Structures are given as C-alpha cells and as structure tokens.
Amino acid sequence: MATTAPRGEIEGIISEVASSYDGGRLIDSLRSAQLPNKRQVIEALKHLKAVCYLGYYATGDLDDSKLRFEVSAHLYPAHDILCEQIGRAAQYEGFRLGPRGGDWPEQTTIEFLRKIPAIRTKLSKDVQAAFQGDPAATGIEEVIFSYPSVQAITVQRLAHELYLQGVPMLPRIMAEHAHSEAGIDIHPGATIGESFFIDHGTGVVIGETSHIGDNVKIYQGVTLGALSHARGEPSAPGSKRHPTIEDDVTIYAGATILGGETVIGARSIIGGNVFLVRSVPPDSRISYDGCNDQ
C-alpha cells in the first residue's frame, strides 16, 4: 500500500527542481509556451491524411453530393491549426528565419493546401507500386489501411511540401510522429520520386539530403545515411550529405549506403547487408562480398 510522503518533503523537492532551471542550459528554457503544440500538429496531420484517402477514412457512405462537405470538414480545421502552429514556429525561430510578414503563416498554409491534389497523384502511384511490388497484397484497400510504408510515405510527402516552404519544426514533428507509428524514419527534406515502395519497412532510415528517383524499391533495415561529421565540419547542414538513388533501383534488406557523393546508378540491384560508401554505375549488381556482377 502506497504511503503519503510528508508534504514538507514534496515541497522541498519542488524547490530543488525549480532551482535546477537556473542553470542557463538549453533544457532550462521556459519559452515553450511559444512553441508549436505537438498534439495540434498531429491533429492537423490526421485531417490531411483523411483528405488524401477520404473514402478510406470516412465513417459512412460517400458520393459526389457529400464530397465537398467531407473535404471541407477536414480542410478547414487543418487550415486553422496550421496557420496558428506555423505562426508559432516562425515567431519562435524568428532569429534564424529573418523577417517574415505577419500574413506569412496564412499565405504558407494556403500555398501548402493547394499542393494536396498533386500530392494525391503521387500517393496514388506509391500505393499502386506497393500493390504491384508485394505478391502478398490482396488489394489496394489492404495496402492503404495496413502498410506502414504507405503511412510513412504519405506523411513524408505532406511534410516535404512544408519543408520546401521553409516552415520550421512542423515538418520534423510530422515525420517523427510517422516514425514512431511506422518504424520508418524518413526526413521531410528527402526528395523522393514517383512510385516509391518500402517493403516491410521496419528500421528504414532515409536522411535529409537523400535523392531517390522513380520506381525505387527498398526493403527493411535499409539506411541511406551520412558519413559521420560533427556540426561545423565540412559536411555541414546545407550540403549534400546523403546518397542519390537513381531510377528503377532495388535495395535489399539491411543495406547501408552512405555519403552525399555516393550515387547508385539506374536499374542497379544492391544486395542485402551490403555496405557502400562509393558510387556504382547503372545496371550494377552488388552483393554482400562487394562483387560487382554487371
């Protein structure tokens, strides 16, 4: 049975914890009230995902007469949340962003929402690639409802547009939420072509400056990463730190490909557990022992 601690002891601990915030460390900042609200960002993301796959998220039958109503039921709250949270992020990081007009959050949100039809076009091709690329898939519905890679790619394509518009914090909050749910870590800055499929997906890592072409398929445990550099060393933020994967490449489970100058040529196949820090030409076949079976 739990005992009640003497009130004086609890008060003493409260004082000690409060005093620990006097250290001037980064974790001691009390400006968090000005930060974006993570729960609100995730709520906006839920509305955006629903808009992308409306027929799969609806709780009742839909037809053309109800379509606009259902879209508006998600876009209006998504708009309101994003305006507020983008404004918070911009205000908090103003010292890094430079001057932004007071209507920047609204303009940015509207510009982002305009991209949704184009994002849906890409997602349609991703879903089709998953269905075509996995013999175990019984239908498109199963792919959309249950495949973690589709969830991760959906969030990345949404977050990527915000990233391109220079929105701070929100894209990474969205991406890390998807990471926590799907076990797939795709940075919102990564550039990903059409018809992208991650089979199984657990443990995949795709870094910020990765560039992935069309019709690329990768398996679980693949890392597209950077060579290790401390902040301020030559490979600083803004440089190309992660690999380029050209069109029609397949990368099997556990492969690790590192470095911003590393290019995997089109139509290549990278075997499981391969470790690469060099480029390979188109049509290469790279196995675990490093052999190039062109």
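The values are calculated or read from the model by the stated rules, or taken from the named source; none is laboratory data. Since the structure is predicted, the reported quantities are computational estimates derived from the model, not experimental observations. We place every Cβ from the backbone using ideal geometry, glycine too, and count neighbours over all the protein chains shown.
Data table
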read-out	value
Failed criterion for THR202 (all others in (1) assigned by TED's automatic domain parsing to the domain that holds LEU258; (2) crowded, with 19+ Cβ neighbours inside 10 Å hold)	(2)
SER149 vs. criteria buried (at least 16 other Cβ atoms within 10 Å of the Cβ), of a type in the set (S, T, N, Q) and not assigned by TED's automatic domain parsing to the domain that holds VAL71	no
Condition check for ARG172: surrounded by fewer than 20 Cβ atoms within 10 Å (Cβ to Cβ), assigned to a helix (DSSP H, G or I) and not aromatic (Phe, Trp, Tyr)	yes
Positions within region 106-164 being assigned to a helix (DSSP H, G or I) and basic (Lys, Arg), in sequence order	ARG114, ARG120, LYS122, LYS125, ARG157
Hits in region 268-284 (condition: surrounded by 15 or more Cβ atoms within 10 Å (Cβ to Cβ) and among the charged types (D, E, K, R))	none
Unmet requirement for GLU106, which otherwise passes all of (1) touching a helix residue (DSSP H, G or I) at 6+ places or on another chain (Cβ under 7 Å); (2) charged (D, E, K, R); (3) more than 28 Å from PRO36 (Cα to Cα)	(3)
Among the candidates ALA159, ALA152, ALA130, residue that is in contact with a Lys or Arg (Cβ under 8 Å, 6 or more places away or on another chain) and at pLDDT 95 or above	ALA159
Identity of the residue in region 159-176, in contact (Cβ under 8 Å) with a residue 12 or more places away in the chain and within 8 Å of the chain's Cα centre (by Cα), that ends up farthest from ALA50 (Cα to Cα)	ARG172
Sole exception among (1) assigned to a helix (DSSP H, G or I); (2) at pLDDT below 85; (3) assigned by TED's automatic domain parsing to the domain that holds THR121 for THR59, by number	(1)
Criterion (of a type in the set (Val, Ile, Thr) and not assigned by TED's automatic domain parsing to the domain that holds GLY102) met by exactly one of ILE42, ILE81, ILE13	ILE13
ASP126 being crowded, with 18+ Cβ neighbours inside 10 Å and acidic (Asp, Glu)	yes
Selection count where residues are among the charged types (D, E, K, R), more than 25 Å from GLU43 (Cα to Cα) and either at pLDDT below 95 or assigned to a loop (DSSP other than H, G, I, E, B) (or both), scope region 175-218	2
Subset of region 23-42 (residues that are in a helix (DSSP H, G or I) and more than 23 Å from VAL127 (Cα to Cα))	GLY23, LEU26, ILE27, ASP28, SER32, ALA33, GLN34, LYS38, ARG39, GLN40, VAL41
